[in-house]
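These notes are about the structure you will find just below.
The values are calculated or read from the model by the stated rules, or taken from the named source; none is laboratory data. What you see is a predicted model; the values in this text were computed from it and never measured. Cβ: placed from backbone, ideal geometry, glycine included. Neighbour counts: every protein chain shown.
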Amino acid sequence: MSGTLNKVMLIGHTGDEVKMHYFEGGNCIGRFPLATNDSYVNKSTNERVTTTEWHNIVVRNKAAEICEKYLNKGDKIYIEGRLKTRKWQDEQGKDRYSTEIQCTDFTFLTPKNENPSSEPRPQNTTQQVTPSVNNPQEASPDSPAMEDDDLPF
């Protein structure tokens, strides 16, 4: 294989609210921690051991605004993205590194009724509906959008 791949898929719970940073020109980024858990049974003690791994998630522009509006601490979310390591210097001039997940797609997994806000929340950022080849009426720009109940899965 001659190509390379940098892809991350995570399902976890947010560890804090989304922190927004705005830039000149109208662009913005949002950052939040995401916790994923792994559990196993310790064979010598027969106790269940759970370990938590923390990930730094970065979302950009419109996706960041959606996350800020609808994500709360503790919500479950599916994240797709790529790893990015940044290098920076601390106050003593030492090189430090931070590895982040640059989010390219996400889906909220916490059910609406568990969300304390009364606003409806989108369940997926990829809301593209591909018209069916078998039904040319769906390809018409005047036809109504397909509802979730019409999906075969």
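Values as computed for the structure displayed
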{"read-out": "Test: residue in segment 25-32 that is in a strand (DSSP E or B), surrounded by 10 or more Cβ atoms within 10 Å (Cβ to Cβ), modelled with pLDDT of 95 or more and not hydrophobic (A, V, I, L, M, F, W, C)", "value": "yes"}
{"read-out": "Residue list for segment 85-104, restricted to those being exposed (fewer than 14 other Cβ atoms within 10 Å of the Cβ) and within 20 Å of Ala35 (Cα to Cα)", "value": "Thr85, Tyr97, Ser98, Thr99"}
{"read-out": "Near pairs, Cβ below 6 angstrom, 6+ apart or cross-chain, from segment 54-83 (closer than 12 Å to Thr107 by Cα) to any residue that is among the basic types (Lys, Arg)", "value": "Tyr70/Arg121"}
{"read-out": "Segment 92-115 residues that are within 13 Å of Ile77 (Cα to Cα), paired with ones that are among the aromatic types (Phe, Trp, Tyr) and assigned to a strand (DSSP E or B) (beta carbon under 6 Å, 6 or more apart)", "value": "Thr107/Tyr78; Leu109/Tyr78"}
{"read-out": "Pairs, first part of a strand (DSSP E or B) in segment 6-24, second of a type in the set (A, V, I, L, M, F, W, C) and loosely packed, with under 11 Cβ neighbours inside 10 Å, C-beta under 6 Å, six or more apart", "value": "none"}
{"read-out": "Filter pass, Lys69 being more than 11 Å from the chain's Cα centre (by Cα) and assigned to a loop (DSSP other than H, G, I, E, B)", "value": "no"}
{"read-out": "Test result for Tyr40, part of a strand (DSSP E or B) and modelled with pLDDT under 95", "value": "yes"}
{"read-out": "Ile79 vs. criteria of a type in the set (A, V, I, L, M), surrounded by 14 or more Cβ atoms within 10 Å (Cβ to Cβ) and closer than 14 Å to Ile11 by Cα", "value": "yes"}
